[in-house]
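Some notes on the structure that comes next.
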Amino acid sequence: MKAETQATAQAVARHYDFITRFYEIIGSRGLHFGYWPEGDAGGSLGEAQQRFTERMIALLGSRNGQRVLDLGCGLGEPAMRLARSTGCDVVGITISPRQAAEAEQWARLQGTSGQGTGGRTTFLCANALALPFPDQSFDAAWALESILHMPERATVSRELARVLRPGGRLLIADFVLSADATAEERSFLEHAFVARDFPTAGTYPELARDVGFEVEQVLDVSRNVLASYEAVAAAIQEKETEVRRAYGDAFLAGVREQWAHITRIGSSRMGYVVLIARRR
Ligand code: SAH
């Protein structure tokens, strides 16, 4: 693996080892944006995050007995919800050692931990660029807001194609940069999101086709996730005592300011897509 690639992975791992608790405090154990039906921006961030996961589960369409890879699993909340509601077995990987340990611990408490009998979850710390799984060992895979952090996307998509069996479904949900973003805005967002070469709307379909996926749908859900910016700001306000206790005053002030900046730029220059593809 190239030194630059390793440095990125280490930076992402450090970032999540540090920041995960913050996201958990302000929202839920699902570390992603929220989802709102068109025209409805109400409710808390945590509720909208849960709705997001439920929407992704419906779009993935996995069934009882299938084996699903969760690429960039965070604290494992989406994987556990998927396993519980469909009866499939989910294997989650994350580059953050702390997340992997916490996900496994939480799964044990919730009773989903274990392998292969339906509705089970397994979590491990691994790099998406070199998946520790045999060829064609999964029936489906999803990546929720994770490939953004992986600059060597061609390698990641080849790995996904390798571990999925023919006919297996892939779902990618992620942020995309709009064409009218300036170089300065782009570099701010890359820094803020710990990303390199911020993807655009065309990135994911092209990557998928290049490695032998048939693209079934590309959904633009930008409007459905847009209320997340305000919901995060409101949640920081509401949970400020807890955030301060966990991270201190300077962090709280910094994160408020940074989120205001992210909102200004992100809400106008970033979109959000869900790609659904099938391995040929
Ligand atoms: N999908 C989860 C977490 C999203 S946060 C959820 O929706 O709750 C992004 C996740 O991507 C983190 O878990 C991070 O560790 C993971 N990630 C980023 N780069 C990675 C890499 N190279 N290999 C494995 N996981 C990675």
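The values are calculated or read from the model by the stated rules, or taken from the named source; none is laboratory data. Everything numeric in this text was worked out from a predicted model, so none of it was measured. Cβ: placed from backbone, ideal geometry, glycine included. Neighbour counts: every protein chain shown. Just the protein is used for accessible areas: all its heavy atoms, side chains included, with ligands, DNA and RNA removed. Shrake-Rupley method; radii C 1.70, N 1.55, O 1.52, S 1.80 Å.
In sequence order, region 236-250 has phi-based couplings of 4, 4, 5, 9, 4, 4, 5, 5, 4, 4, 7, 10, x, 5, 5 Hz under the Karplus curve 6.51 cos²θ - 1.76 cosθ + 1.60, θ = phi - 60°, and Gly or Pro positions carry x. Taking a ≥ b ≥ c as the square roots of the eigenvalues of the Cα gyration tensor, region 241-280 is classed as oblate, since a/c reaches at least 1.5 and a/b does not exceed b/c.
Quick one: net charge around Leu189, please, counting Lys, Arg +1 and Asp, Glu -1 for every other residue with C-beta under 15 Å from its C-beta. Spell out each step's value before the answer.
Values: positive: Arg186, Arg196, Arg264, Arg269; negative: Glu145, Asp174, Asp180, Glu184, Glu185, Glu190, Asp197.
Here the count lands on -3.
Protection proxy ranking of 36-43, 13-20, 272-279, by the mean of other Cβ atoms within 10 Å over each peptide's residues and highest first, is 272-279, 13-20, 36-43. Rolling a 1.4 Å probe over the protein heavy atoms of the chain, with every protein chain left in place, gives an accessible area that is 49 percent carbon and sulfur. Relative contact order of the chain, taken over Cα pairs closer than 8 Å and 6 or more residues apart, is 20 percent. When you count the other C-beta atoms within 10 angstrom of each residue and take the mean per peptide, 255-262, 205-212, 170-177, 151-158 line up highest first as 170-177, 151-158, 205-212, 255-262. Rolling a 1.4 Å probe over the protein heavy atoms gives region 124-199 an accessible area of 36 Å² per residue. In this calculation the C-beta distance from Ala3 to Ala130 is compared with R0 = 25 Å, giving a FRET efficiency of 0.95. Once all protein chains are placed together, Thr241 keeps about 80 Å² accessible to a 1.4 angstrom probe. At q = 0.09 Å⁻¹, what is the base-10 log of I(q)/I(0) for the chain according to the Debye formula with one equal point scatterer per Cα and no solvent? Please give it to two decimals. Taken in order of the listed q values, log10 I(q)/I(0) reads -0.39. Its residue count N fixes a reference of 2.2 N^0.38 Å for region 17-61, and the Cα radius of gyration divided by that reference is 1.23.
In the chain, helices alone account for a calculated mean residue ellipticity at 222 nm of -15500 deg cm²/dmol, with every DSSP H run of four or more residues adding -39,500 (n - 2.57).
In terms of overall dimensions, the C-alpha atoms belonging to region 1-149 reach 46, 34, 29 Å along their principal axes, ordered largest to smallest. Per 0.36 nm of contour for each residue apart, how much would the distance between Ala58 and Ala41 grow if the chain were fully extended, relative to their Cα-Cα spacing? So the chain would gain 4.0 nm between Ala58 and Ala41. Applied to region 13-23, the Karplus parametrisation 6.51 cos²θ - 1.76 cosθ + 1.60 on θ = phi - 60° returns per-residue 3J(HN,Hα) values of 4, 4, 4, 6, 4, 7, 8, 4, 4, 4, 4 Hz, with x for Gly and Pro.
For the residues Glu104, Glu4, Glu216, a 1.4 Å probe over the protein chains yields an accessible-area ranking, largest first, of Glu4, Glu216, Glu104.
Computed from the Cα positions only, the extents of region 203-280 along the three principal axes stand at 52, 24, 17 Å, in decreasing order. Among Ala179, Ala201, Ala130, whose mean-square fluctuation peaks in a Gaussian network model of the chain (Cα, cutoff 10 Å)? Fluctuation is largest for Ala179.
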